[in-house]
Amino acid sequence: MSHLSAAEVDAIAAKVERFVRDVVAPYERDPRCGAHGPSEELVLELRALARKAGVMTPHILPDGRHLTQAQTAIVLQKSGLSPLGPVACNTAAPDEGNMYLLGKVGSPEQKARFLDQLVSGDSRSAFFMTEPAEEGGAGSDPSMMKTTAKLDGNHWVISGRKAFITGAEGAKVGIVMAKSDDGACMFLVDLPDPAIRIERVLDTIDSSMPGGHAVISIENLRVPADQMLGESGEGFKYAQVRLSPARLSHCMRWFGAATRAHEIASDYACRRHAFGKPLVDHEGVGFMLAENLIDLKQAELMIAWCAGVLDTGALGTVESSMTKVAVSEALMRVADRCVQVMGGTGVSGDTIVEQVFREIRAFRIYDGPTEVHKWSLAKKIKRDHRHAQEQAQEKIAQGAAA
């Protein structure tokens, strides 16, 4: 982790913000932004501009040190001010989470081969975990995983199907989850590979991630044993290393997007007149924008709180669940109000407000739907209650024995 001063981190964030607002935002109307994300040509063009501006992968320092989670939040919130910002600055999912995981678990050889090309922004990656629901595969419950890995000499042979694999089309690095006789495993693979076939790229509500979200068939993929990430059967443990920071970085990026949408809606409300005065002077509109400020501040504070927990070295599973729910729901309210304030313009493509609304609606699903996180938190409440009751009974027993 870095030991940068607050001023140094603020300088990085300011540099990222200037780049995203001044250089990246004008590309939002580029015809190469399609239904399945920006084209590969556009990604390469934006990243070349990011390198020139000195903001490529700003959360990882040139010497390989990673900013703390609290510092990362400051920078990634600025990269999210445009839907194209994370792609340009190389702070986007799934690459950001995959870089974090490889940095924590990968061997020196694996880092040199797979991580370096991601940090440089020369390659994109994909994380192959989710499986088709109609086949009873893994989704929010990864223990339902159907994809298998069998050892054959000094290679693992992997077969199965995956779904909603973000960025698979065009990715050069893959992390594939499969189950061996020992349990869940992760494997690093070079892409493309003829054994990994993209069946189709799904039409989804969001459109900011390069390569979209694909359904994948994996047939007898042979992976050298030294490309297993970590140990056989430890895949779920490694997934937990990745999940909490990845949940939080989603919150960071979309916080930036919601902030920008609020800026656009506020500008519209102050300029647009109806019924004899600016829209902002009508309480129905002004109050919606006021509520946006409240939700944005609460979201910012939740992100900072969770980042602080992760920076202690804790897994932060509970805290990241709470933050993911609170922030995704708050930002959805912000985005919805922005659309409402802007009326017909809000549902058009004339500004990014409509896209931000779509992206944040998807965010409420990604990295665990709100309901799954609430269910997990309810289980914690039950565990804590049972533990408290057991402790009370133990004290009573001790008192009786005395």
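The values are calculated or read from the model by the stated rules, or taken from the named source; none is laboratory data. In this text, all values refer to a predicted model and were calculated from it rather than measured experimentally. Because the Cβ atoms are built from the backbone with ideal geometry, glycine has one as well, and the counts that use them run over all protein chains shown. Surface areas here come from the heavy atoms of the whole protein model, side chains and all, with no ligands, DNA or RNA. Shrake-Rupley method; radii C 1.70, N 1.55, O 1.52, S 1.80 Å.
Odds and ends about this structure:
- If only residues of the stretch 340-355 that are in a helix (DSSP H, G or I) and in contact with a Ser or Thr (Cβ under 9 Å, 6 or more places away or on another chain) are counted, the one that is nearest to Pro94 (Cα to Cα) is Gln355.
- Every residue from the stretch 198-222 that is of a type outside the set (A, V, I, L, M) and under 28 Å from Asn154 (Cβ atoms): Ser217, Glu219, Asn220, Arg222
- The criterion of at least 2 residues that are among the basic types (Lys, Arg) is met by the following helices (runs of 4 or more DSSP H) wholly inside the stretch 1-95: 6-19, 40-53.
- Candidates Gly167, Gly139 - the one that is within 22 Å of Asp367 (Cβ to Cβ), open to solvent by 20 Å² or more (accessible area, probe 1.4 Å) and of a type in the set (Gly, Ala, Ser): Gly139
- 3 or more residues in contact with a Lys or Arg (Cβ under 8 Å, 6 or more places away or on another chain) and more than 17 Å from Leu101 (Cβ to Cβ): qualifying strands (runs of 3 or more DSSP E) within the stretch 181-238: 213-224
- Pairs are defined by a Cβ separation below 7 Å, a sequence spacing of at least 6 or placement on different chains, a first member in the stretch 256-270 that is closer than 15 Å to Asp295 by Cβ and touching a residue at least 12 places away in the same chain (Cβ under 8 Å), and a second member that is part of a helix (DSSP H, G or I) and among the hydroxyl-bearing types (Ser, Thr, Tyr); the pairs so defined are Gly256/Ser79.
- Single match in Gly153, Gly121 (criterion: under 18 Å from Gly97 (Cα atoms) and at pLDDT 95 or above): Gly121
- The residue pairs whose first member lies in the stretch 222-237 and is over 14 Å from Val189 (Cα atoms) and open to solvent by less than 50 Å² (accessible area, probe 1.4 Å), whose second member is modelled with pLDDT of 95 or more and of a type outside the set (A, V, I, L, M, F, W, C), and whose beta carbons are closer than 8 Å, counting only pairs six or more residues apart or on different chains, are Ser232/Ser180; Ser232/Asp182; Ser232/Gly183; Gly233/Ser180; Gly233/Asp182; Gly233/Gly183; Gly235/Lys179; Gly235/Gly183.
- Unique match (being more than 25 Å from Asp350 (Cα to Cα), modelled with pLDDT of 95 or more and small (Gly, Ala, Ser)) among Ala265, Ala290, Ala304, Ala261: Ala304
- Within the stretch 337-391, being farther than 24 Å from Glu291 by Cβ and aromatic (Phe, Trp, Tyr) holds for Tyr366, Trp375.
- Among (1) polar (S, T, N, Q); (2) farther than 29 Å from Gly368 by Cβ; (3) under 19 Å from the mean Cα position of the chain (by Cα) - the single one Thr204 does not satisfy: (2)
- Members of the stretch 291-329 found to be free of Cβ contacts under 8 Å to residues at least 40 places away in the same chain and part of a helix (DSSP H, G or I), listed by number: Leu293, Ile294, Asp295, Lys297, Gln298, Leu301, Trp305, Val309, Ala326
- Whichever residue in the stretch 300-314 is among the hydrophobic types (A, V, I, L, M, F, W, C) and touching a helix residue (DSSP H, G or I) at 6+ places or on another chain (Cβ under 6 Å) and, among such residues, is nearest to Phe236 (Cα to Cα): Leu310
- Top-ranked residue of the stretch 295-309 - restricted to ones that are closer than 13 Å to Val325 by Cβ and among the hydrophobic types (A, V, I, L, M, F, W, C), ranked as surrounded by the fewest Cβ atoms within 10 Å (Cβ to Cβ): Met302
- Residues that are assigned to a loop (DSSP other than H, G, I, E, B) and either in contact with a Gly (Cβ under 9 Å, 6 or more places away or on another chain) or free of Cβ contacts under 8 Å to residues at least 40 places away in the same chain (or both), drawn from the stretch 133-156: Gly136, Gly137, Ala138, Gly139, Ser140, Asp141, Met145, Lys146, Thr147, Gly153
- Just so you know, in the stretch 99-132 the residues that are open to solvent by 10 Å² or more (accessible area, probe 1.4 Å) and of a type in the set (A, V, I, L, M) include one that is nearest to Ala149 (Cα to Cα), and it is Met129.
- Flag if Glu96 is surrounded by 24 or more Cβ atoms within 10 Å (Cβ to Cβ) and without any contact (Cβ under 8 Å) to a residue 60 or more places away in the chain: no
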